[in-house]
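Structure first, then comments.
Read-outs throughout are calculated quantities, based only on the coordinates presented, and are distinct from any laboratory measurement. Every value quoted in this text rests on a predicted model; they were computed, and no experiment measured them. Here the Cβ is made from the backbone with ideal geometry for all residues, glycine too, and neighbour counts use every protein chain on show.
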Amino acid sequence: MIIAEELTKTNETLVIKHSEHLSHNIAYPFFLHQYAELMENGHTVKATNWDDNECGIIWGEIDGKVVGIFAYKKDQIKQKVLNILLTAVDKNHRNKGIHTILNRYFENVALDLDCKFTVATVHPKNQTRLLTCEKDGMKIYYHKLYKEIGSKD
Ligand SMILES: CC(C)(COP(=O)(O)OP(=O)(O)OC[C@H]1O[C@@H](n2cnc3c(N)ncnc32)[C@H](O)[C@@H]1OP(=O)(O)O)[C@@H](O)C(=O)NCCC(=O)NCCS
C-alpha cells in the first residue's frame with residue numbers, strides 16, 4: 001500500500017509503501033539479497049530467526065524499482081519494543097537521505113503499534129549503520145555479548 005511520496009536529496013521521487021507482512025511483495029527479494037550481503041561481510045550470523053508473519057516492511061521505490069527497505073519484527077511488542085530486522089539502501093542510491101526518510105515512517109508504524117522504543121541490532125564494525133543510528137537519535141542501551149562455544153562433536 002502506498003503511504004507517501006517524498007523527494008530524495010537528489011530530487012528523485014521516492015514512493016513509500018508499507019506491508020504488514022514481510023513476504024509476498026516486491027521488496028522481499030531485495031530484503032533477502034541485502035540480508036545475505038550482511039552475512040557475507042560478517043555483519044550478522046549465518047542463520048535467520050524471523051517468522052515472516054510476525055514482521056512487516058516499509059520500502060521506497062524510484063521509477064518502480066525498490067531502492068531501500070526497512071523491515072521490522074514484532075516479537076517484542078509486549079515490551080512495547082519494535083525491533084528493526086533490517087534497514088538497507090541500494091548501493092547506487094546511498095547518501096541520498098533514503099534511510100532517514102524510511103526511518104520516519106518506521107517510527108510512525110511503531111507509534112501506531114503503541115511501542116515506546118525502536119531497537120536496532122548492529123555489528124560494532126558496521127560504522128555507517130552506527131552513524132545512521134546516531135543521526136536517527138538512537139542510543140546504546142545494552143552491550144549484548146557472545147561467545148562461540150563450538151559443538152560437542
Ligand atoms: C546504513 C544504510 C541503510 C544508510 O542508508 P542511506 O540512505 O545511505 O542513509 P542516509 O542517506 O539517510 O544517511 C543518514 C545519515 O547517516 C550518516 N551516514 C550515512 N552514510 C554515511 C557514510 N558513508 N559515512 C558517514 N556517515 C554516513 C550521515 O550522518 C547521514 O546523515 P547526513 O546526510 O545528514 O549527513 C546504508 O548504508 C546501507 O544499506 N548499508 C548496508 C546495509 C546495512 O549495513 N544495514 C544495517 C544492518 S544493521
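Here is how the numbers come out for the structure above:
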| read-out | value |
| --- | --- |
| Members of region 84-119 that are within 6 Å of the ligand (Cβ to nearest atom), part of a loop (DSSP other than H, G, I, E, B) and free of Cβ contacts under 8 Å to residues at least 60 places away in the same chain | 94 |
| Residue satisfying condition, being of a type in the set (Ser, Thr, Tyr), more than 11 Å from the ligand (Cβ to nearest atom) and out of contact with any Phe, Trp or Tyr (no Cβ under 7 Å at 6 or more places or on another chain), within set 141, 72 | 141 |
| Failed condition for residue 134, given (1) surrounded by fewer than 14 Cβ atoms within 10 Å (Cβ to Cβ); (2) touching a Lys or Arg at 6+ places or on another chain (Cβ under 6 Å) | (2) |
| Within region 121-138, tally of residues that are more than 6 Å from the ligand (Cβ to nearest atom), part of a loop (DSSP other than H, G, I, E, B) and either touching a Phe, Trp or Tyr at 6+ places or on another chain (Cβ under 6 Å) or of a type outside the set (D, E, K, R) (or both) | 5 |
| Pick from region 25-49, criterion under 13 Å from residue 59 (Cβ atoms) and more than 14 Å from the ligand (Cβ to nearest atom), ranking: surrounded by the fewest Cβ atoms within 10 Å (Cβ to Cβ) | 29 |
